[in-house]
Every structure is written in C-alpha cells, then in structure tokens.
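Below is one structure, written out as structure tokens, with a few remarks after it.
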Amino acid sequence: MIVRIMGEGQLDLSDADLGVLNTFDATLEAAIESGNEETFRQALHELLGKVRQDGKPLPPDSLEPSQFILPHADAGMEEVRAMLGDEGLIPGPN
C-alpha cells in the first residue's frame, strides 16, 4: 500500500502494517476527540515514525496513487481533524 506523508513524499508499506497503523490512528483520533494536545502530538509522531520505519520510500519522481494521505509532523489538531474520515486517517480492512 502506498502512503503519502504531506511534505515528505510517498512510502510503500506492506498490507501487514495496516493493523498496527490502525492502532496508532485510533490513539490519534481519541486524542483529538478529548482535545489532549500532548497525546495528540505523541500519537501523530508515533504514527508517522512507524510509516517511515516500515515504509520503503518511492522515488521523488514517482506518481503512484496513494491509498492514504497523512498530515505532516507539525500539523495542528484542527488540521488533522479536518483530514479525518469516518474511519480515521487509515480506514481498516473491509
């Protein structure tokens, strides 16, 4: 699956990472709903860190469609809230 981190580029992750990423996503959503800035910031950095750690960067000139688009590391809570869908940033498997 191809994941884009805004302002950084695209990374290719295996479908096996989806469950772990959903866990981080759920924590991020809960932090936004509670308005907890500290937990939000930590959850966002952990989610992005996991994507960077497990993902294989695609070449900058690659134009692959992204399955998921994640906010940049310095995104604010309201900016991320606007990006959330009904199932968070990373929807679970169908």
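Suppose we filter the range 46-87 for residues that are under 15 Å from ASP17 (Cβ atoms) and either among the aliphatic types (A, V, I, L, M) or not in a helix (DSSP H, G or I) (or both); how many remain?
Of the residues in that region, 10 qualify.
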* Quick one: is LEU21 surrounded by 17 or more Cβ atoms within 10 Å (Cβ to Cβ), over 13 Å from the mean Cα position of the chain (by Cα) and in contact (Cβ under 8 Å) with a residue 24 or more places away in the chain? -> no
* **Residue tally, condition assigned to a helix (DSSP H, G or I), in contact (Cβ under 8 Å) with a residue 12 or more places away in the chain and hydrophobic (A, V, I, L, M, F, W, C), over the range 1-18** => 1
* Asked: When the range 27-65 is examined, which residues are found to be surrounded by fewer than 16 Cβ atoms within 10 Å (Cβ to Cβ) and either in contact with a strand residue (DSSP E or B) (Cβ under 8 Å, 6 or more places away or on another chain) or in contact (Cβ under 8 Å) with a residue 60 or more places away in the chain (or both)?
  -> ARG52, LYS56, PRO57, PRO60, SER62, GLU64, PRO65
* **Selection count where residues are among the aliphatic types (A, V, I, L, M) and either touching a residue at least 60 places away in the same chain (Cβ under 8 Å) or in contact with a His (Cβ under 8 Å, 6 or more places away or on another chain) (or both), scope the range 66-94** => 6
* Structure fact -> Of the conditions (1) touching a Leu at 6+ places or on another chain (Cβ under 8 Å); (2) at pLDDT 85 or above; (3) within 15 Å of ALA26 (Cβ to Cβ); (4) not charged (D, E, K, R), the single one that GLN42 does not satisfy is (1)
* Structure fact -> Those residues of the range 68-79 which are under 14 Å from the mean Cα position of the chain (by Cα) and either surrounded by fewer than 15 Cβ atoms within 10 Å (Cβ to Cβ) or over 23 Å from ASP12 (Cβ atoms) (or both) amount to ILE69, HIS72, ASP74, GLY76, MET77, GLU79
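The values are calculated or read from the model by the stated rules, or taken from the named source; none is laboratory data. The shown structure was predicted, so the numbers you read here are calculated from the model rather than taken from an experiment. Glycine gets a Cβ as well: all are built from the backbone with ideal geometry, and neighbour counts include every protein chain shown.
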